[in-house]
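Here the structure comes first, spelled out in structure tokens, and everything after it is commentary.
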């Protein structure tokens, strides 16, 4: 059973991630936080197999939350999939530098997101995006 933390201030997105995990047949327990500060504190407890992190949130944005999670020894090794509406290359570059496992741009196709989450959970490098349909904004890091 995979333990997954979703940090997103939009409950419908969190629910879509949960449905995506169910469709991908990933057995999981999901924890949810609505802001980066809460998420960072939960991640610091350790024990998660994956973190899905939104970047536009109140109280602590995704950049700050990701940076703090990667500096904390209890959460540094947990793979983080960043989910964002940001399309700017400089944002994606900064995410890469902070150590995320993958970045997914909104809107995303649930089946493609499920594939990325499965790959990250298996410790694999996500495949680069193909085509230009919604959800193809998935960007593996380090490529």
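In this rough spin-label picture, where each label sits 7 Å from Cα along the Cβ direction, the residue 64-residue 29 distance is 3.0 nm. Distance between the pseudo-spin-label points of residue 76 and residue 109 (7 Å out from Cα toward the beta carbon): 3.8 nm.
Measuring nothing but how far apart in sequence close Cα pairs (under 8 Å, 6+ apart) lie, relative to its length, segment 39-97 scores a relative contact order of 41 percent. Helix-only arithmetic for the chain: the sum of -39500 (n - 2.57) across DSSP H runs with n ≥ 4, divided by the residue total, places the mean residue ellipticity at 222 nm at -11000 deg cm²/dmol. Per residue, the convex hull spanned by the alpha carbons of the chain comes to 94 Å³. Normalising the average separation of contacting C-alpha pairs (under 8 angstrom, six or more residues apart) by the number of residues puts the relative contact order of the chain at 21 percent.
Listed from fewest to most Cβ neighbours within 10 Å, the set 61, 31, 54 follows the order 61, 31, 54. Taking the DSSP bridge list for the chain and keeping only pairs wholly inside it, about 10 percent are antiparallel.
A Gaussian network model of the chain, with springs between Cα atoms under 10 Å, assigns the largest mean-square fluctuation among 93, 125, 38 to 93. Note on 55, 63: ascending count of other Cβ atoms within 10 Å places them as 63, 55, the fewest first.
For the options 26, 80, 95, a Gaussian network treatment of the chain with springs between C-alpha atoms closer than 10 Å singles out 26 as fluctuating the most.
Counting every other Cβ atom within 10 Å of each residue's Cβ, 15, 71 order from fewest to most as 71, 15. Using a Gaussian network model of the chain in which every pair of alpha carbons under 10 angstrom is joined by a spring, one finds that among 53, 98, 117 the greatest mean-square fluctuation is at 98.
Computed from the coordinates by the stated procedures, all read-outs in this text should not be read as laboratory data. Keep in mind it's a predicted model, so treat the numbers as computed, not measured. Using ideal geometry, Cβ is built from the backbone for each residue, glycine included, and neighbour counts are taken over all protein chains shown.
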